[in-house]
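Since the structure comes first, as structure tokens, the remarks are kept for the end.
The values are calculated or read from the model by the stated rules, or taken from the named source; none is laboratory data. This structure is a prediction, so every number in the text was calculated from the model and none was measured. Don't worry about glycine lacking a Cβ; one is built from the backbone with ideal geometry, like all the others, and counts go over all protein chains shown. In case anyone asks, the SASA skips ligands and DNA or RNA and just uses the protein heavy atoms, side chains included. Shrake-Rupley method; radii C 1.70, N 1.55, O 1.52, S 1.80 Å.
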Amino acid sequence: MQLYNTLSAEERAQLIDEAGKERLTLSFYAYAKIEDPKKFRDELFIAWNALEALGRIYVANEGINAQMSVPADHLEDFRNTLEAYDFMKGIRLNVAVEQDNHSFLKLTIKVRHKIVADGLNDDSFDVTNKGIHLKAQEFNNLLEDPNTIVVDFRNHYESEVGHFEGAITPDVENFRESLPIINDQLQDFKEDKNLLMYCTGGIRCEKASAYFKHQGFKNVYQLEGGIIEYTRQIKEEGIKSKFIGKNFVFDHRLGERITDDIISQCHQCGKPCDNHTNCANDACHLLFIQCDDCKAAMENCCSTECLETIHLPLEEQVALRKGLQVGNKVFRKGKSDALKFKHSGDLSTESLGKVTVKPETKDIRQKIKIKKTLIGKAEHYYSKSKIAQFLIENKELSVGDKVLISGPTTGDQEITITQIHVNGGPCETAKIGDQITFELPFRVRLSDKLYKIVQD
């Protein structure tokens, strides 16, 4: 019985493209007493794997927290798998503002001590005594009350690119840190102020509101469904957005635009920008804000040291990483002395710029309109000579063929082959097993795939 992933992210992405089905990115959570989280986890994996549902899910004795990608035509069947459990009957699914078929490429369900690391002893207070839930218009109304204090319970890298007007934005790296800081900061306002809180999807506020009521705050309110549900409501009901900028999300998109305002800066040059990237150096993976110009100049790196590292031979890079906790094992939170224009803590909603070109509505079949066949993979890039090396694993490649080079960092790049070298010499056609090189104006990475575009 399959209880774990058997496909790589690249293989899954290819299957999604070939299937050509619309997928929905969504999130949900539920606090409930789960006696056997491991059994619950395995039941979910079996049910969701059969529906081709993907995502990152945490389960614990206290409940479930999920961010997922589900085929649109399986949505009702997916909902039925949730409602098979009493505590998830009628559960609200927060559907993403912007959709991307590749938001998640694996189904990962992990058993954790808690579904959100809050550092709290739940036995010390009533976790069910939560704050009053507010819909978008109600939240806006209370936000305008001068007797209201509004608190952002997200992390510094989230609030930096977007937050509500007048919000307190703690300079923290995780939810656990924010609770005592806010409690100390607001000690004098327990009796007479409205404590208004929000987060991405609502889950952090479910626990935080009960905690602050236990701490003696009399008037505690929370944004129902978080920023995701707030955005859906303001769009449907024509309500003015009090949230300015972009909402950070925890999938490969790294953000959903709520307003056209850009309130943050490129961490390297200071230009108005709110696009996050992960450093291309596999020993770093720092999360930071980088504009297109710096992305091109620094090749997705956060520092000159990382830029130099990615141009070393792969063997040297691996040797430098030896003994380090790197890659997916660590999520660096976006603070480094190399980032000159990083801001956190006391943030402004002053717009530094506007999005000049709004993203076009995505055609979910855009990628599969390009008929292609996988023929090889990237092996190396010689930066000084701008030469890329590939291994041909399937079919032949000839001069004049149009190809697609695709990868998580590289994106999708189409070019026409004008010259091929095999074993140091030019040739017209490369065969299976050949190690080929040709000039490319951009860097390729080991995760990149080489596709031959099939002409109609």
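Tabulated data
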item	result
Cβ-Cβ under 6 Å pairs, at least 6 apart or on other chains, segment 163-174 side within 16 Å of Ser351 (Cβ to Cβ), far side open to solvent by 40 Å² or more (accessible area, probe 1.4 Å) and at pLDDT below 90	Glu165/Thr349
Failed criterion for Gly407 (all others in (1) under 30 Å from Arg253 (Cα atoms); (2) touching a Leu at 6+ places or on another chain (Cβ under 8 Å) hold)	(2)
Hits in segment 318-344 (condition: under 19 Å from Asn275 (Cα atoms) and modelled with pLDDT of 80 or more)	Lys335, Ser336, Ala338, Leu339, Lys340, Phe341, Lys342, His343, Ser344
Segment 61-106 - residue that is touching a helix residue (DSSP H, G or I) at 6+ places or on another chain (Cβ under 6 Å) and under 15 Å from Glu43 (Cβ atoms) and, of those, most open to solvent (accessible area, probe 1.4 Å)	Thr81
Candidates Ser241, Ser178 - the one that is at pLDDT 95 or above, of a type in the set (Gly, Ala, Ser), out of contact with any Asp or Glu (no Cβ under 7 Å at 6 or more places or on another chain) and open to solvent by less than 50 Å² (accessible area, probe 1.4 Å)	Ser241
Top-ranked residue in segment 130-139 [being buried (at least 16 other Cβ atoms within 10 Å of the Cβ) and more than 27 Å from the chain's Cα centre (by Cα); ranked as modelled with the lowest pLDDT]	Lys130
Unique match (being under 21 Å from Ile115 (Cα atoms) and acidic (Asp, Glu)) among Glu256, Glu160, Glu173	Glu173
Some residue of segment 170-185 being of a type in the set (S, T, N, Q), over 22 Å from Cys273 (Cα atoms) and not in a helix (DSSP H, G or I)	yes
Checking Leu51 against (1) closer than 18 Å to Cys199 by Cα; (2) buried (at least 17 other Cβ atoms within 10 Å of the Cβ); (3) of a type outside the set (Asp, Glu), the condition it does not meet	(1)
